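The structure under discussion appears below in the form of structure tokens.
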Amino acid sequence: MQKITSLRMEHITKQFPGTLACDDITFSVGEGEILALVGENGAGKTTLMNILMGLYQSDEGRILINGEEVRFRNPNDAFSAGLGMVHQQYMLIANMTVVENIALGYKEAWSPVKLDLAKVRARIVEISEKYGLAVDPDAYIWQLSVGEQQRVELVKTLCLGARFLILDEPTSALTPQETDELIVLLKRMKSELSIIFISHKLQEVKNLCDKLLILRHGAVVFEGETADHSMGDIAALMTGHEVELPVNKEEACNGTVVLDIRNLDVQSDRGFLALDGFNLSIRCGEIVGLAGVSGNGQRELAEAINGLRKVERGEILFYGEDIANKSPHHIIESGMGYIPEERNTEGIVPAFSLKENLILKDTERDEFSAHHFLKNKAIEANATDLRVKFDIRSPNTSVAAGSLSGGNIQKVILAREISRRPKFLLAVYPIRGLDLGAAEFIHKQLLEKRREGIGILLISEELDEILDLSDRVAVIFKGKIQQVLERKDANRRTLGILMAGVHDDQTV
Amino acid sequence: MTRQFKLTYKFTIIILAILAAMGIGSIILLAIGADVTKTYLVILLEPLKSTLQISEVLLRAIPLSIIALGISVAYRSGIINIGAEGQMMMGILGTTMVALSLPTLPKIILIPLAILTGALFGGLWGFIAGVLRAKLGVSELLSTVMLNYIAAQFYTFMLRGPFLDPAEKTLGGAGTPQSMRLTKNLWLTRFIPRTRLHTGLFIALALAVLIYLLLWKTDFGYKMRASGASGRAARYGGISVGWYLVVSMVISGAFAGIAGAIEVAGVHRRALEGITAGYGFSGIVVALFGGLSPIGIIPASFFFGLLIVGSDMTQRLVGVPANMINVLQGIIILVIVSTKMILADPYLMERVWRWYQRHCKTKPEVEA
Ligand SMILES: Nc1ncnc2c1ncn2[C@@H]1O[C@H](COP(=O)(O)OP(=O)(O)OP(=O)(O)O)[C@@H](O)[C@H]1O
Ligand SMILES: [Mg+2]
């Protein structure tokens, strides 16, 4: 197969109803280069890559590979030209195994009468050995962590013979360690392929990429060498202003305990105890950061607190009332706010409009309905208001929430949960997929809520986020709290050690 | 892409779909040796030629629309009700029971009471399927079909036993399984002289408005639609998805029951076999054809009423068996499903848009 020595997109323009997603974009990527594609949420990064992959057709512009114009009418055309993409939302089928998933796209193993799974398996082994990507071919997708699924997507793309990789926010759901591994791997692969890398994390961009392309409102606002610019410069170019993530500097408040979790046992989907004698309490007016490698019980904890998962044993005292195994409705009514991990399937109803999604939990409130009749004007006004306040990029308030860009979907959820005036907020990876400007805004909002006196439990893998915002830091490991630290005692090193399961005393 | 183009595109697809359905129908008509054009002309135009015929079309549109409205509520809440046939039978039994046992009640009380009882009986039948699904996870496709069988047997039993017309039992009677003629106080007014068209028409229209308001203007409707569109997100939002599944099945069943009640009170005036006449199944097609919204269901039910009356006439006028309507319905279901997939394919729309633009851009040059 021929190598891709150069890829060029020229004058790409794409109009969606009400949004100019790509506005006359031109760029090129040479052999063995890694191009970083960065920009705010809704800047048009995913759309541009979808055009490259033949998922969308551009209104104007052309694509050149090795100097020759190509036309991709669908993703298969792009595959056969050697392009492969790992999407922002993984496209794996949960109740099929890794081999079966990869076989779906691996046409060489198909014959009219038989699917040659052995051939697929051989190919997987070949690829994973070549690049040092360990995957278990017989694992079911639902058994895999997000990081492992990501690796499967990568292996899949490589198995299909990709000689040019497009990675759309590959690291947003990875643990720091997984991210580091991926970066090392990509650097190694650079000798054989070219890569387009989309990310909101500038550290990675600096680390990995040679060239940089910044989009804003669908247009290229900057193009250059990564090495010539500091992270601060890049952030400023991206958002148009200096970004400074806020830090919680205030005195810890010694309010009353509002959420008290005692001896909690909760099962995971796979049947083992995901939480095993879990204890944690949070006061009003404080942010407790729950640090830990994902998969140590965070998801089960969040679901149990919100009545979405059965509690086997123990109690969850919320303002004095035990809410374990209460209905989600009851828990919401008692003042719980929850920013869930799964934004596309849980946090929004994709088919509903933006404004409908913003009242998901509040249709019964007097504000939005009277005698069970919805107050359309109030719903519209609420949406208009929040759209401006949270900078949700959408043509209007009636578009389907599912058509928004990843980061903007996250903003819809945040807008709803924060503006509902909850008495407590459980925020799970709140800035995942957000651009820097939006992350800054959300962090300010969380601190503001803290000042108003509500308790916040912040579940995150980003140590910076935890250290910036928390009054206290708790570390979760295998369903138990390892240790709770005051902010002054917490730093990256101690947290890292605790997250790995080593008890603090053992290191001393 | 302009709005106008999108509308035209969708409209064209629908027209093409109708033509495709007719095309496939023609092949079958040819196969049975019928005159294709004449058959279609008879089906589509003959029923519109006189007031009497139009009234007959409307008469069929009444139960079709009511059932379809109920099915659309269930469908939007994420549960597929194919048990309307059985629920309708239960409704008929409820109405008949009230009319037989309380024949002396004045019209103004008896009619609402009888219709409500019909709704209650149909609703109960829907409730069973709803609860089975919500609590035990039993597929509604299975349970509603089974409940149809149970209802059908129960219906026959009641008509042959407890409800059987005393006149049929005597020596002169033929033993036809049917109830006696129900009290006049139950009869719905026929408001156009020399036709059978009854005031059930207005009930159907009122119900359509009601469903529109319920689904799109109330918090109930919001929650039902949310449960249907994304159960997981609805649960997260504090909506008890299971409860709304059950409620929507009760509404769906109740509507089928009302359709049965109105058929008895407006058309047949007694319970007899064959009243349901497949309305419960055609209602599904009407609901889908009407895009699961009252605004679409009203014209769709008229169209299907037309097909039913029209194909009755083909039997007389062109000698094509009336069963052809079932064949046509089958074809229409297939065409609807494919059309929906085509309409939901943004890539195809893009391609057409591109083609259209190229076409329009070159056209002025040709003219110049
Ligand atoms: N299918 C679609 N229909 C209508 N609008 C769309 C569609 N897909 C994307 N958009 C709009 O196009 C714009 C660009 O979206 P895109 O997904 O490319 O952003 P992005 O740069 O990838 O953002 P993020 O960082 O949040 O993932 C957004 O305003 C989005 O609402
Ligand atoms: Mg994106």
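Summary of values
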| item | result |
| --- | --- |
| Three-way shape call for chain B based on the alpha-carbon gyration tensor, with the a/c threshold at 1.5 | oblate |
| Portion, in percent, of the accessible area of the protein assembly as shown that falls on carbon or sulfur, probe 1.4 Å | 59 |
| Solvent-accessible surface (1.4 angstrom probe) belonging to residue B:181, in square angstrom, nearest 10 | 130 |
| Estimated vicinal HN-Hα couplings, Hz - the range B:197-203 in sequence order (Karplus 6.51, -1.76, 1.60; Gly, Pro = x) | 5, 10, 5, x, 3, 6, 4 |
| Loss of accessible area when A meets B, both sides summed, Å² nearest 100, probe 1.4 Å | 2700 |
| Residues whose placed amide H lies under 5 Å from that of residue A:424, excluding near-sequence neighbours | A:337 |
| Estimated dipole of the protein assembly as shown in Debye, rounded to 20 [Cβ of Lys and Arg +1, of Asp and Glu -1, Cα centre] | 3640 |
| Environment charge at residue A:248 (Cβ cut-off 9 Å; Lys +1, Arg +1, Asp -1, Glu -1) | 0 |
| Value of D in µm² per second that Stokes-Einstein yields for the protein assembly as shown, Kirkwood Rh from Cα pairs, at 10 °C (1.306 mPa s) | 51 |
| Mean separation of Cα contacts under 8 Å, 6 or more apart, over the residue count of chain A: relative contact order % | 16 |
| 10 Å Cβ neighbours from other chains, averaged over peptide A:322-330 | 2 |
| Delta accessible area of at least 50 Å² on complex formation, residues of the range A:357-399, 1.4 Å probe, chain isolated as reference | A:360, A:363, A:372, A:373, A:374 |
| Sequence-distant residues sharing a close amide H with residue A:83 (under 5 Å, placed H) | A:163 |
| Within a Gaussian network of chain B (alpha carbon springs, distance under 10 Å), most fluctuating of B:220, B:302, B:127 | B:220 |
| Phi-based couplings in Hz for the range A:55-64 (Karplus 6.51, -1.76, 1.60; Gly and Pro marked x) | 6, 10, 9, 7, 6, 9, x, 9, 10, 10 |
| Helix A:146-159 vs. chain A, principal-axis angle (Cα, 0 to 90°, nearest 10) | 10 |
| DSSP bridge pairs, the range A:7-239: antiparallel proportion in percent, nearest 5 | 55 |
| Using a Förster distance of 56 Å, the FRET efficiency for residue A:90-residue B:315 (Cβ separation, nearest 0.05) | 0.45 |
| Sum of side-chain charges, residue B:114 neighbourhood, beta-carbon under 15 Å (Lys, Arg +1; Asp, Glu -1) | +4 |
| Separation in nanometres of the label points that stand 7 Å from Cα toward Cβ, at residue A:3 and residue B:7 | 5.6 |
| The range B:58-319, relative contact order in percent, only Cα pairs under 8 angstrom and at least six apart counted | 40 |
| Efficiency of FRET between residue B:104 and residue B:169 - r from beta-carbon atoms, R0 22 angstrom, step 0.05 | 0.40 |
| In order through the range A:248-257: 3J(HN,Hα) via Karplus (6.51 cos²θ - 1.76 cosθ + 1.60), integer Hz, x for Gly, Pro | 7, 10, 6, 4, 5, 8, 9, x, 7, 6 |
| Shielding score for B:222-233, defined as the mean number of other chain Cβ atoms within 10 Å | 6 |
| Occluded residues from the range A:48-89, i.e. those whose accessible area drops by 20 Å² or more once the chain is not alone (1.4 Å probe) | A:55, A:56, A:57, A:59, A:73 |
| Cut-off under 5 Å, modelled amide H: who pairs with residue B:178 long-range | B:165 |
| Per residue accessible area in Å² of chain B, where ligands, DNA and RNA are left out and the probe is 1.4 Å | 46 |
| Virtual paramagnetic centre 7 Å along Cα→Cβ of residue B:18, amide N under 20 Å, in the range B:251-284 | B:283-284 |
| Linear extension gain, residue B:354 paired with residue B:48, 0.36 nm per residue minus alpha-carbon span | 106.1 nm |
| Sorted peptide list for B:70-81, A:107-118, criterion being average Cβ within 10 angstrom, highest first | B:70-81, A:107-118 |
| Förster radius 35 Å - calculated FRET efficiency between residue A:253 and residue A:330 (Cβ-Cβ, nearest 0.05) | 0.80 |
| Per residue value of the accessible surface for the range A:34-103 (all protein chains in place, 1.4 Å probe), Å² | 37 |
| Global form of the range B:101-258, assessed from the alpha-carbon gyration tensor, a/c cut-off 1.5 | oblate |
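The values are calculated or read from the model by the stated rules, or taken from the named source; none is laboratory data. This one's a predicted model, so the numbers in the text were calculated from it and none came from an experiment. Note that we place each Cβ from the backbone using ideal geometry, even for glycine, and neighbour counts take in every protein chain shown. These accessible areas exclude ligands, DNA and RNA; they are computed on the full protein's heavy atoms, side chains included. Shrake-Rupley method; radii C 1.70, N 1.55, O 1.52, S 1.80 Å.
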